[in-house]
Amino acid sequence: PAGRPLAGRRALVTSGPTREPIDPVRYIANHSSGRQGHAIAAALARAGAEVTLVSGPVIQPDPPGVSVVHVGTALEMLAACEAALPADIAVCAAAVADWRPEAAPGSKIKKEDGGEPVLRLVENPDILRTLATRPDDRPALVVGFAAETGDILAYGERKLGRKGCDWILANDVSPETGVFGGGENSVVLLRRGAAPEPWPKLAKEEVAARLVERIVAAFAMGEP
Ligand code: C5P
């Protein structure tokens, strides 16, 4: 139907930061607000898709009409994403921590323990890459973000290849842009085998709406 062009399609969206415990009271995280990912989940649901949003800890309310799975760590986020498959569309907008402390003690690290603690970090799984390279149930369209500070085209194109995804929305998150936590985003849409397409600076809700328009068009053309 015209109003709900993604009816019958399943979509998976990741959003927000992850929190990687150092001990029971401390963690490593980042400044992601979840605004962009939540806006995308809401826009996909408005277009009729059946949406699962896997969200790290954010203050954004759960978008209406979306089933939300709340997670803490990257490992939990990956497990929730895999549990949400199969899906036709995956959009990874979460700012997943690249590393986590190798082991978190069960009790709080105390100054009285003496010395300065040394944190050993191990790499987290790449959720976008994992979804994009699933042998049997890869979503037909996998979209990632590339948040960079400077030279976003070069980094974005490289990321498109490395991650195995179909599209990348590359954006500049240099502190002076105010993108992290802000209401606007300035992105370039990178698609395999197509010229980069810069979008004007838009509210994150409008970036979401435009992305969903492009997704609808791609499915209408039988592209993915
Ligand atoms: O490599 P980088 O973190 O810059 O890639 C960003 C893209 O990859 C985003 O779409 C992000 O959601 C996704 N990502 C992921 N799991 C990770 C790291 C990044 O899904 N561990």
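We did not get these values from a lab; they are worked out from the coordinates using the rules stated. All values reported here derive from a predicted model rather than from experimental measurement. All Cβ positions, even for glycine, are placed from backbone atoms using ideal geometry, and neighbour counts span all protein chains on display.
Structure notes:
- In nm, spacing of pseudo-spin labels at MET221 and ASP98 (7 Å Cα→C-beta vector): 3.4 nm
- Amide N of segment 94-110 lying under 18 Å from the label point, which is placed 7 angstrom from the Cα of VAL118 along Cα→Cβ: 100-105, 109-110
- Hits among lysines - C-alpha to C-alpha of LYS163 under 25 Å, sequence gap 8 or more where chains match: LYS204
- Helix runs (DSSP H) in the chain reaching 18 Å along axis by Cα, Kyte-Doolittle at least 0.0: 204-220
- Take every pair of alpha-carbon atoms less than 8 Å apart whose residues are at least six positions apart; their mean separation over the length of segment 110-221 yields a relative contact order of 17 percent.
- Shape call, segment 100-173: gyration tensor on alpha carbons, a/c limit 1.5: oblate
- By the helix-only formula, in which each DSSP H run with n ≥ 4 contributes -39500 (n - 2.57) and the sum is divided by residues, the chain has a 222 nm mean residue ellipticity of -8000 deg cm²/dmol.
- Solvent-free Debye scattering, log10 I(q)/I(0), computed from the Cα coordinates of segment 68-221 at q = 0.19, 0.21 Å⁻¹: -1.28, -1.46
- Partner aspartates and glutamates for LYS108 [C-alpha distance under 18 Å; skip if fewer than 8 residues away on the same chain]: GLU20, ASP23, GLU116
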